[in-house]
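The values are calculated or read from the model by the stated rules, or taken from the named source; none is laboratory data. Quantities reported herein were computed from a predicted structural model and do not represent experimental measurements. No Cβ is skipped: glycine too gets one built from the backbone with ideal geometry, and neighbour counts run over all protein chains shown. Areas reflect the complete protein model, heavy atoms only, side chains present, ligands, DNA and RNA absent. Shrake-Rupley method; radii C 1.70, N 1.55, O 1.52, S 1.80 Å.
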Amino acid sequence: MKPMAHLGVGIGWRPEIADAVDRLDGLDWVEVVAENICPGHLPEALRRLRERGTRIVPHGVSLGLGGADRPDPQKLAELGERAVALGAPLVTEHIAFVRTSSPVLEAGHLLPVPRTRDALDVLCANVRIAQDALPVPLALENIAALFSWPGEEMTEGQFLTELVERTGVRLLIDVANLHTNRVNRGEDPAAVLDAIPLEALAYVHVAGGVERDGVWHDTHAHPVPPVVLDLLAELRSRVEPAGVLLERDDDFPPEAELAGELAAIREVVTAGGTAAQAEAAPEPGSGAQPGTGSQPESGAQPEAGAQPKTGTAAQAGSEAGTDARAGTGAPPEAGTDAQAGAQPDAGTEAEAQAGGEAGGEGARTRVALGQAALLSALVAGTPVPEGFDRARIRVQVRALAAKRADVVAKVAPELPGILGGRTPYRTAFLAYAKGRPMTAGYRRDALDFAEHLLIQDLPADPAARRRLTTWWRERAGARPPRRIVRWARTLTGRAA
């Protein structure tokens, strides 16, 4: 596998800290949540960063490649558009599922996939679909989880290793998530780092969290704890990562604190250099490159990652002059792959394909049934499937509802004000959410919440109710239905 292009130390770009990011000294690159930007209308702060030559990587959160359904072609096209608009060297996503199609349910959160053969077959097939559709390489992130699936057949290390071997996808390793899973699932981070192919490492995430009642919550809203920096040092002792990135999504600290966290990360990465490089140093005259685990092709520059040659739309896009890695529109250099990742051995790939595709639809059906039963328990109040830790599932239910309330308040910031403040809003929303799972994203959820209140003649204050009605009409383009209409709909649904 070809070495990754150097990224350095970066930070997750968020609008709330855009000015601070602009002023941070020694910042090498940034990562943006792909779904939060529009390719034709990039924020001015992001445009300035790009004009200065700062690398920008789009990080997707909604593809759900670990889900039973095939990836949404529209979501893949949108992710590719963002990569091209930003001149990104690669795009990243998660090893997770986020929705089910039967029933139609949205988690609004990244949920773990079972480490089973069926789930791996489905994930590999979905990854290959995504790789074929994207104009740049893809890397996938290990996620944090509050619970484990019953009946798992592989460890995290085995699951990730086979995923890489079968698809050539790169890995984005989040060391904070390794710590989360140590606390919540009893997993050994060092064993994961020992098992996975570190030559497939794209870059590293570092983030903060908090422990409550024996459960670690990966909040991205707290300072990075020493235990996570220790895991970064563990990883650094094994490999020199091409990039390390600080994630912060909420409760943003003063600029000086952000700079201090970046400095601490940079110190860990730099301090580990001498020992790691010495350990990985090649024999004299061997021609191997230290710290990479592989040898670049003769005359080739380190690239963003390798993926199998497939003759697909991804390669066609690059050959047509959409080389988003350089952001120049130039075609790939001669002798390099249009997508930079591992090229699996032909025999291995054929065997994996045969094994995965032989029972492909059966595997999808089995994975779909398991994920639907779990997600329904998490967001629709149905019984918890057999074998799950019910106490942990209850914690996840509360966490999903709280996150849902928080995100709706962000996408519709007027609602807490109309309802009299954060506490009354939160109380009303959690009561609404208890029996009404999200089916179409947070913006639709905000409209459905407002409609739910208005049907019940809420809020009680007439002035607030008028404000909520106006807010709803401006966004939904219609009058909220009266109670009698809602009852009629319910009766019609039952009769059907």
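Just to verify a number: FRET efficiency for THR270 and ALA399, C-beta to C-beta distance, R0 = 51 Å, to 0.05? E between THR270 and ALA399, to the nearest 0.05, is 0.90. Principal axis extents of the C-alpha atoms in segment 145-237 (largest first, rounded to whole Å): 38, 32, 19. Between the amide H of ILE143 and those of ILE95, distances stay under 5 Å, these residues lying 5 or more places away or on another chain, with hydrogens modeled in the peptide plane.
The order of THR365, THR423, THR92 by accessible area, most exposed first and with a 1.4 Å probe, is THR423, THR365, THR92.
Calculated accessible area for segment 90-152 comes out at 23 Å² per residue, all protein chains present (probe 1.4 Å; ligands, DNA, RNA ignored).
Seen from ASP174, the other residues with C-beta closer than 11 Å to its C-beta sum to a net charge of -3, counting Lys and Arg as +1 and Asp and Glu as -1. Between ALA191 and LEU430, the contour length at 0.36 nm per residue exceeds the alpha carbon distance by 82.1 nm.
Bridgeable aspartates and glutamates around LYS410 (alpha carbons under 16 Å apart, same-chain partners fewer than 8 residues away excluded): GLU16, GLU35, ASP249, ASP250, ASP251, ASP445, ASP448. When peptides 165-175, 94-104 are ranked by their average number of other Cβ atoms within 10 Å per residue, the highest-first order is 165-175, 94-104.
Taken one residue at a time, the phi angles of segment 4-14 give Karplus couplings (6.51, -1.76, 1.60, θ = phi - 60°) of 6, 5, 5, 10, x, 9, x, 9, x, 6, 9 Hz. Gly and Pro are set to x. Estimated from the Cβ-Cβ distance and a Förster radius of 41 angstrom, the FRET efficiency linking THR219 and ASP457 is about 0.65. Would you work out if segment 87-183 is rounded, prolate or oblate? Take a ≥ b ≥ c from the square roots of the eigenvalues of the alpha-carbon gyration tensor; rounded if a/c is under 1.5, else prolate when a/b is larger than b/c, oblate otherwise. Judged from the Cα gyration tensor, segment 87-183 comes out rounded (a/c under 1.5).
When each of the peptides 154-162, 444-452, 113-121 is scored by how many other beta carbons lie within 10 Å of its residues on average, the order from highest to lowest is 113-121, 444-452, 154-162. Would you please classify the overall shape of segment 1-94 from the alpha carbon gyration tensor, given that a ≥ b ≥ c denote the square roots of the eigenvalues, rounded means a/c under 1.5, and beyond that prolate means a/b larger than b/c while oblate covers the rest? Here segment 1-94 falls in the prolate category. Solvent exposure of segment 1-88 amounts to 41 Å² per residue of accessible area, where only protein heavy atoms count and the probe is 1.4 Å.
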